[in-house]
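A.B. asks: Okay, handing you the structure first.
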Amino acid sequence: MSRNWLFRQLYSGLPNLKLLRSLNWHWLTQLKSNREVSLDRSGNRAISDIFIPMHGCLVHLKGYGWIKVFRTVGTNGDAEYWATSRLDMTLNKQLSMPWTPGKLKCTIAV
């Protein structure tokens, strides 16, 4: 059974993202502006350095694989970078989906 997890940026490290993928669970979280991504795998750069259209875009997250990202503006006016493992995600869908809030307190070393 696939589940949808929503969690804080604090838990968005590669080990946690890979663990959720291994369990076939989808996730939604924020990424820091310096997370390295690539639009076409031609070279990584900070997510804040790429253009992200309103409908989001697919990027390759260094060390993980393809994800979908959105850029929003927080209440303080700063850019926020949301990322999900659901490549078919839209902003409207993101708001209406049942996400399970969660804290990933530990990771499993493989």
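The values are calculated or read from the model by the stated rules, or taken from the named source; none is laboratory data. Since we're looking at a predicted model, the values are computed, not measured. Neighbour counts are summed over all protein chains in view; Cβ atoms, including those assigned to glycine, are modelled from backbone coordinates with ideal geometry.
A.B. asks: Which residue is nearest to the chain's Cα centre (by Cα), if the candidates are limited to region 82-100 and must be modelled with pLDDT of 90 or more and surrounded by 15 or more Cβ atoms within 10 Å (Cβ to Cβ)?
C.D. replies: ALA83
A.B. asks: So is LYS103 at pLDDT below 75 and either among the charged types (D, E, K, R) or over 15 Å from the mean Cα position of the chain (by Cα) (or both) or not?
C.D. replies: yes
A.B. asks: Answer with yes or no whether ALA79 is surrounded by fewer than 12 Cβ atoms within 10 Å (Cβ to Cβ), modelled with pLDDT under 95 and more than 13 Å from the chain's Cα centre (by Cα).
C.D. replies: When the stated conditions are applied, ALA79 does not pass them.
A.B. asks: Here's a follow-up. Name the single residue that is nearest to PRO15 (Cα to Cα) among those in region 33-70 being aromatic (Phe, Trp, Tyr) and without any contact (Cβ under 8 Å) to a residue 40 or more places away in the chain.
C.D. replies: TRP66
A.B. asks: A further question follows. Kindly provide the set of residues from region 41-67 that are among the aliphatic types (A, V, I, L, M) and either surrounded by 14 or more Cβ atoms within 10 Å (Cβ to Cβ) or under 11 Å from TYR81 (Cβ atoms) (or both), ordered by number.
C.D. replies: ALA46, ILE47, ILE50, ILE52, VAL59, LEU61, ILE67
A.B. asks: Take the residues in region 20-32 that are part of a loop (DSSP other than H, G, I, E, B) and either in contact (Cβ under 8 Å) with a residue 40 or more places away in the chain or of a type in the set (Phe, Trp, Tyr) (or both); name whichever of them is nearest to MET89 (Cα to Cα).
C.D. replies: The qualifying residue nearest to MET89 (Cα to Cα) is TRP25.
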